[in-house]
């Protein structure tokens with residue numbers, strides 16, 4: 001297991017962050033949860049039981065987790081996005097940063113309301129600069145499904161300007177029980193982020209939970 005990267009999940013005490021952390025720990029990845037409250041992160045980490053010989057999940061501050069992680073995942077509310085990016089900017093230099101943030105604007109979260117910059121992921125790349133390789137993913141997977149265990153039955157669109165970084169995150173998507181699909185350049189993240197609001201609306205109208213997406217007609221690894 002020593003060849004597996006350490007995954008820092010910023011927002012690891014939230015629904016999506018903790019769900020991803022649980023899945024990665026069960027798959028044998030070393031995981032560090034980040035939170036503004038280190039104590040809260042440590043408590044959440046103790047509740048996760050790793051598998052496949054992985055070390056115990058650890059908790060730390062956002063900056064501490066970002067420094068400890070080889071790959072840093074951001075899973076925080078959009079309202080906290082900008083401040084978190086500023087907090088971890090120095091710590092993520094040279095690393096893959098997976099941005100799972102969706103620009104939801106309450107109370108109309110089922111209405112697509114993208115930021116002027118285009119997408120949260122594009123905002124992240126601009127804020128962090130070229131030293132970080134930002135990849136956008138995990139917007140459309142239900143946190144409740146991740147936390148419940150079992151099959152997720154969902155594809156995950158992965159966007160980024162660095163092909164190798166996209167491939168790395170596709171493997172992480174596969175590890176949580178979803179199927180990673182190469183969605184191309186980071187600018188395309190607007191589609192994945194917007195789709196989240198559409199899925200929220202579908203959940204409400206059809207009275208279902210955790211509606212997801214499937215990309216049909218693909219076989220093997222996308223884009224190979």
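The values are calculated or read from the model by the stated rules, or taken from the named source; none is laboratory data. Just so it is clear, the model here is predicted, and its values are computed rather than measured. Here Cβ is always computed from backbone atoms with ideal geometry, including for glycine, and neighbour counts include all displayed protein chains.
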Of all strands (runs of 3 or more DSSP E) fully inside segment 32-118, the set with 2 or more residues that are modelled with pLDDT of 95 or more and under 28 Å from residue 211 (Cα atoms) is 71-74, 96-99
Reported set for segment 152-167 where residues are out of contact with any strand residue (DSSP E or B) (no Cβ under 6 Å at 6 or more places or on another chain) and closer than 25 Å to residue 52 by Cβ is 152, 153, 154, 164, 167
Next on the checklist: Tell me yes or no: at least one residue of segment 121-133 is buried (at least 16 other Cβ atoms within 10 Å of the Cβ) and either out of contact with any helix residue (DSSP H, G or I) (no Cβ under 9 Å at 6 or more places or on another chain) or under 17 Å from residue 195 (Cα atoms) (or both).
Outcome noted: yes
